Amino acid sequence: MLSLANIKAARDRIKPVIRQTPLRYSDRFSELTDASIYLKLENIQRTGAFKLRGAMNRIATLSEADRSGGVITASAGNHAQGVAFAATRAGVDSKIVMPTHAPVSKRQSTERYGGEVILHGEDYDAAQQRAHEIADTEDRYYLHAFDDQAVMAGQGTIGLEILDACPSVETVVVPIGGGGLISGIATAIKAQKPDVRVIGVQAEGAASAPPSLAADELQSIDSAETIADGIATRQIGAQPFEILQSHVDEVVTVSDSEIAVAITYLLEREKTLTEGAGAAALAAVLHDRFSFADNEVIVPALCGGNIDMNQLTTVLLRGLVETGRYLRIHTILEDYPGALEELVAILAAYDANIYAINHNRTSRTVSMEKADVEIELETMGPTHIESLLEALREDGFEVEVLDWV
Ligand SMILES: Cc1ncc(COP(=O)(O)O)c(C=O)c1O
């Protein structure tokens, strides 16, 4: 069983290479939640995620025979980068099987760190199966992303850092994919301060931990669909599951929309870029997924920052929609000069800035003396949207809301 001693030994081993990441108090999120929020900024770890810690510790403890045969692993992205970086640094050859649709940025970085990328399958589980086949045929060491004691010990060094930097911590919130990260952190924390709560977070579309805990045995789900690709796994590991059962106080879930809002807020209010999995812990706090007291000292682990820029565009737009900062409406106008101006005058009076407007007189869905109009607007929040819609409707415009919740 993973122990505090394993984690402390891992810390000494990986110290020369990994960054001891900052724990930063957030005025904005503390204000918003009435708690004391300290963000563990693991998104600025080398390679952009905590995975380097576990991979370094595993490779450092391999036998000479295993090192010389090379390593192989499967990963949706961050473990891939951690393994490629750690292996190359240790002079070990690495192959990484990634799901076919793994984010381009993660694929490219893995190659840049010296790993050979093999694309295979729809998701992590399919990639993992292929990686095991290659491990068997090429006699490579299979470096598991989470179901491995040395990997969990490496991830657990984050728990040591949190306790060192913030001895008054009361609750630590950690995303769960395969469960390696939370296992390490929970072991490090509970061994020293058993009263500190450890809360796990999964994405609603990839939540195998709650049913597993309820059934008291590992359950796997049929699909794992979430924007948080780092935690899109169908099943947690056997060893992490045991630690989850004994050391984790509660596991909660968050929706993709809630994750998108957390990413948006982190960028806007903290100037901090995270990927979906990296924002999941904060999303759980912001959306009250577990109960906490006023002024409670809470540390959400922002465990990764590797987000594809294309995905970021989509996520930010979703975040703006969810927070009422973007509105798309449709209406039908009489087709006479000045009709559009009347509509725009109301938008201007309500300070709703226009991103784009599409005025279509040739639409076959409306009669010939009308025009079909779609407008994208920059808005200031839900209250602003409600009053704007009310004003438009009071003036006789039949408005259909296309994007807003
Ligand atoms: C950014 C990020 N957060 C959290 C996790 C979950 O870690 P674990 O699989 O150890 O639970 C991952 C896993 O890849 C990740 O990349």
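The values are calculated or read from the model by the stated rules, or taken from the named source; none is laboratory data. The structure presented is a predicted model; accordingly, all values stated were derived computationally and were not measured. When we count neighbours, we look across all protein chains shown, and the Cβ atoms used for this are built from the backbone with ideal geometry, even at glycine.
Taking the criterion of being away from the ligand (no atom under 11 Å from the Cβ), more than 22 Å from Val252 (Cβ to Cβ) and either touching a helix residue (DSSP H, G or I) at 6+ places or on another chain (Cβ under 7 Å) or not assigned by TED's automatic domain parsing to the domain that holds Ala209 (or both), the residues of the range 153-171 that qualify are Ala153, Thr157, Leu160, Leu163.
Going through the range 256-285 one residue at a time, which ones are buried (at least 24 other Cβ atoms within 10 Å of the Cβ) and of a type in the set (S, T, N, Q)? Break it down into steps so the answer makes sense when it comes.
Looking only at the range 256-285, we keep the residues that are buried (at least 24 other Cβ atoms within 10 Å of the Cβ), and these are 259-263, 266, 274-285.
Answer for the range 256-285, where residues must be buried (at least 24 other Cβ atoms within 10 Å of the Cβ) and of a type in the set (S, T, N, Q): just Thr274.
Do you know which of the residues in the range 68-78 that are at pLDDT 95 or above and touching a strand residue (DSSP E or B) at 6+ places or on another chain (Cβ under 8 Å) is nearest to the ligand (Cβ to nearest atom)? Per the criteria, the residue is Thr73. Of all the residues in the range 353-390, those that are in a helix (DSSP H, G or I) and buried (at least 16 other Cβ atoms within 10 Å of the Cβ) number 4. Scanning the range 208-227 for residues that are within 13 Å of the ligand (Cβ to nearest atom), among the aliphatic types (A, V, I, L, M) and modelled with pLDDT of 95 or more gives a single hit, Ala209.
Quick check on Leu39: is it within 16 Å of the ligand (Cβ to nearest atom) and touching a residue at least 24 places away in the same chain (Cβ under 8 Å)?
Numbers: within 16 Å of the ligand (Cβ to nearest atom): yes; touching a residue at least 24 places away in the same chain (Cβ under 8 Å): yes.
Against the criterion (within 16 Å of the ligand (Cβ to nearest atom) and touching a residue at least 24 places away in the same chain (Cβ under 8 Å)), Leu39 qualifies.
A single entry from His120, His101 fulfils the requirement of being free of Cβ contacts under 8 Å to residues at least 60 places away in the same chain, closer than 20 Å to Ala232 by Cα and in contact with a Pro (Cβ under 9 Å, 6 or more places away or on another chain): His120. A count restricted to the range 293-317 and to residues that are modelled with pLDDT under 95 and touching a Phe, Trp or Tyr at 6+ places or on another chain (Cβ under 7 Å) stands at 1.
Only one of these is more than 10 Å from the ligand (Cβ to nearest atom), touching a residue at least 24 places away in the same chain (Cβ under 8 Å) and surrounded by 21 or more Cβ atoms within 10 Å (Cβ to Cβ): Val198, Val174. Name it.
Values: Val174 fails: more than 10 Å from the ligand (Cβ to nearest atom).
Selected residue: Val198, the only one of Val198, Val174 that is more than 10 Å from the ligand (Cβ to nearest atom), touching a residue at least 24 places away in the same chain (Cβ under 8 Å) and surrounded by 21 or more Cβ atoms within 10 Å (Cβ to Cβ).
Take the conditions among the hydroxyl-bearing types (Ser, Thr, Tyr) and in contact with an Asp or Glu (Cβ under 7 Å, 6 or more places away or on another chain) and apply them to Tyr141. Does it pass? Against the criterion (among the hydroxyl-bearing types (Ser, Thr, Tyr) and in contact with an Asp or Glu (Cβ under 7 Å, 6 or more places away or on another chain)), Tyr141 qualifies.
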